[in-house]
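Here the structure is laid out as structure tokens; the discussion comes afterwards.
The values are calculated or read from the model by the stated rules, or taken from the named source; none is laboratory data. Just so it is clear, the structure is predicted and the values come from calculations on it, not from any experiment. As a convention, Cβ positions derive from the backbone with ideal geometry for all residues, glycine included, and neighbour counts pool all protein chains shown. Just so you know, the surface numbers come from the protein's heavy atoms only, side chains and all, with ligands and any DNA or RNA stripped out. Shrake-Rupley method; radii C 1.70, N 1.55, O 1.52, S 1.80 Å.
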Amino acid sequence: MIVHGGRRWGTATELGQALGVAPAVIRNYARRDGLESVRMYDDAGRPEVRYPLDQAQTIERAKRRSGRGRPRVDATV
């Protein structure tokens, strides 16, 4: 994770590990739920897409509290 503009940003894999979901779920949040994404470059100059952790946490919390879809298992168990 990196801090950019006062926010923590991570790749789909990093956020997935932090939130207990698959990286594909994070990418779906960006596509379906409006999660911001920014293309940044690593130290070797390779492009990577990063997402803000705070916004991903908000979306994940709303999904867990929603009564729609398959019940989610609590990641803290």
Ignoring ligands and nucleic acids, E60 exposes an accessible area, probe 1.4 Å, in Å² to the nearest 10, of 10 Å²
Put R61, R68 in order of accessible area, largest first, probe 1.4 Å, and you get R68, R61
Taking every other residue with Cβ under 10 Å from the Cβ of S37 and scoring Lys and Arg +1, Asp and Glu -1, one gets +3
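From the protein chains alone at 1.4 Å, what is the descending order of accessible area for R39, R7, largest first? Walk me through the intermediate numbers first.
On the way: R39 150, R7 65 Å².
In descending accessible area the options line up as R39, R7.
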Largest fluctuation, A22, A44, A30 only, Gaussian network model of the chain with Cα springs under 10 angstrom, belongs to A44
re region 8-58: pairs of Cα atoms spaced beyond 14 Å account for a percent value of 44 percent
